[in-house]
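Below is one structure; the comments refer to it alone.
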Amino acid sequence: RRVLFRSGLTMLPDGNILTVDATVPNGSEIFNWKTQTWSSAGTTPASLVGGGEEIGPMVLRPDGTVICFGGGGHNCVYDFKTKTWKLAPDFPVVAGGQLDCADAPACLLPNGHVLVQTSPGLFLSGSQFFEWDGTKFSPAPNTISGPFSPSFVGNMLMLPTGQVLYTNIGNDIELYTPA
């Protein structure tokens, strides 16, 4: 029996599970649920691990790609159809430092974009939100608590209305309405 330590897990269209290892540099694997076996998913083109073995969320998009957000600012895309990895743009560097997604939330939007929360450095305040469209990041509106919160305190839930319910594990509860 295999134990995953600090790894991201995402179900692929065939029911298998993609993981990015937080303890193996640039490592990724796929768990085959039918055979109950692990195999390599290849090497990520950039490290997705930030300080303290932290990684970000991984979201399967309708086109079969998985955006894998990094805990240290780098991001990668896994293509389920071609079984290959490619680089995605890094998050920007701001006055507070390199934006990253260490333990941050993300949510698939009805239009296929992904809403993601970032903050500068490991667990530091100053959250900023972006939408990933499969090619680039576009800034999204910030929450009231965003400038004062690290990204790891965020939680997102897709509602039947197509809006994202956001909370910061405090009393900031907001709705995000994608375009």
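The values are calculated or read from the model by the stated rules, or taken from the named source; none is laboratory data. Since the structure is predicted, the reported quantities are computational estimates derived from the model, not experimental observations. Backbone-built Cβ (ideal geometry, glycine too); neighbour counts: all protein chains shown. When the accessible area is computed, the model is the full protein with side chains, heavy atoms only, and any ligands, DNA or RNA have been set aside. Shrake-Rupley method; radii C 1.70, N 1.55, O 1.52, S 1.80 Å.
If we keep just the residues of the stretch 32-68 that are out of contact with any Asp or Glu (no Cβ under 7 Å at 6 or more places or on another chain), among the β-branched types (Val, Ile, Thr) and open to solvent by less than 30 Å² (accessible area, probe 1.4 Å), which is nearest to Cys107 (Cα to Cα)?
My answer is Val59.
This table checks each residue for (1) of a type in the set (A, V, I, L, M, F, W, C); (2) without any contact (Cβ under 8 Å) to a residue 24 or more places away in the chain; (3) assigned to a loop (DSSP other than H, G, I, E, B).
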{"site": "Leu18", "(1), (2), (3)": "yes, no, no"}
{"site": "Val24", "(1), (2), (3)": "yes, yes, yes"}
{"site": "Leu87", "(1), (2), (3)": "yes, no, no"}
{"site": "Ala104", "(1), (2), (3)": "yes, no, yes"}
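Considering only the stretch 158-179, state which residues are touching a residue at least 24 places away in the same chain (Cβ under 8 Å) and over 11 Å from Ala140 (Cβ atoms).
Of everything in the stretch 158-179, those that are touching a residue at least 24 places away in the same chain (Cβ under 8 Å) and over 11 Å from Ala140 (Cβ atoms) turn out to be Met158, Gly162, Asn168, Gly170, Asp172, Glu174.
Which of the residues that make up the stretch 30-82 are more than 16 Å from the chain's Cα centre (by Cα) and assigned to a strand (DSSP E or B)?
Answer for the stretch 30-82, where residues must be more than 16 Å from the chain's Cα centre (by Cα) and assigned to a strand (DSSP E or B): Ile30, Phe31, Asn32, Thr37, Trp38, Ser39, Ser40.
Can you pull out the residues in the stretch 124-151 that are open to solvent by 30 Å² or more (accessible area, probe 1.4 Å) and either under 21 Å from Pro89 (Cα atoms) or part of a strand (DSSP E or B) (or both)?
Correct list: Gln128, Asp133, Thr135, Lys136, Phe137, Ser138, Pro139, Pro141, Asn142.
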